[in-house]
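Okay, so here's the structure we're looking at.
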Amino acid sequence: MLQKTTFVLNPPTALGTASGYGGFSFGCAQEPKDGKIELVQSYHSCREGLMSSMRKRITGDGSHKQPTDKMRMIFRWSLSQHDRASGIKLVDGWVKRSVPVLQAFDRLAGWPLTRVYKIETDHNDWLQAYYFHSSRRWMKSSYLVSLYTMLVRMCKDIKVTGFKDFDGLVKVLQKISSSGKSLVTDDTYVRNSLPYWKAIMTGYPELFRKRKLPYYWDTARLGGGAGGAEGLQYLVKGDTQYTEIRKELLKIKKQLDSKKS
C-alpha cells in the first residue's frame, strides 16, 4: 500500500510547529530531490489556514512560491512522550486508511493514483511524517485542497475501512451515520459535504477545467479577504461568494441524483 521509497526531511530539524488537533498538522511540499523533501513554508493544523497561505503564494502575494504541478503534502504527527508505541500504531493505521480513500476518489475521477511515502527525520521516536503525492488536479481550487485534507483527517477513525471503491466508501460512511455513531474527527464536515463528493469529482471538467488555476484561487472577485476561507464547507452549504461554481455544482448534483431514481 505504501511506497517502498522513503524520503528524508530536509533539513532534518525542519519540524515546524503547530497547535491543537492532537499533534496532527500538514503543509505543502516541494518536489523531492536526491531523496530529500522540503516543506514549502509552514505547517497548519486547520484547513482554512493552509488554504489562506496557499492562496497568497499562488496569487503572488507570498514570499514563497507555491508549486502547482502536483499535489504534494506532508502530513506529520507529534507523538505523546507518555505512550509513543500506541501513537506510532495510531499513525500507521491512519495513513494506511487514507491511501484507499484518496485512491477511491482518484479512480472515480479518472486521475493518477495517490502515492504515499514515509519520511525519515532525526526524531522518528516522537515525530511521524508522510509525503502524499497526487494528481495536479487536486490543486486546482481551494475546495479540492480542503476536501483532500479533510479526507485524510477523517481517516483517523478506524471505522473508515472495508470498502472497494468510491460507492463502497460512501456506504460505509452512511452506515456509520445511520447507526447513530460519529466519526472521531470532522464528522459534521463529512456529513455536510458527502452528498456533493461525486458531483465535485465527476463534474471536475465543468467546474474547474474551463480556466487556468490562478483564476480559481483569486480573491478579488470573492470580496478580498473573504476568499481566504473559501473551503469545502462554503461551497456545499451555499455560503461561497463564487456563485457561478455553486450553481454549476447543484446542476451536476441534480443530474446525478436523477439517475438514482
Worksheet item: How much net charge surrounds PRO195 when only other residues with a Cβ under 10 Å from its Cβ are counted (Lys, Arg +1; Asp, Glu -1)?
Response: +2
Worksheet entry | Residues MET150, MET51, sorted so that the one with the fewest Cβ neighbours within 10 Å comes first | MET150, MET51
Discussion item. With the cut-off at 19 Å, tell me which of the pairs LYS181/LYS259; LYS33/LYS65; LYS33/LYS118 have Cα atoms farther apart than that.
Written reply: LYS181/LYS259
Discussion item. Which trypsin sites (Lys or Arg not before Pro) in the range 28-132 sit in a loop by DSSP (not H, G, I, E or B) and have at most 16 other Cβ atoms within 10 Å of their own Cβ?
Written reply: LYS65, LYS70
Worksheet entry | Under 12 Å, Cβ to Cβ, from MET71 - net charge with Lys/Arg +1 and Asp/Glu -1 | +3
Worksheet item: Please state the relative contact order of the range 6-186 as a whole percent: Cα pairs under 8 Å, 6+ residues apart?
Response: 22
Discussion item. Rounded to whole Å, give me the distance from the Cα center of the range 144-168 to that of the range 234-261.
Written reply: 21
Response to the item:
Log entry: pair-distance distribution for the chain, C-alpha pairs binned every 10 Å from zero, whole % per bin is 7, 30, 37, 21, 5, 0
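Rule-based calculations on the coordinates, nothing more; no lab input. Quick caveat, the model's predicted, so the values are computed rather than measured. Counting neighbours? That spans all protein chains shown, and the Cβs are built from the backbone with ideal geometry, glycine included.
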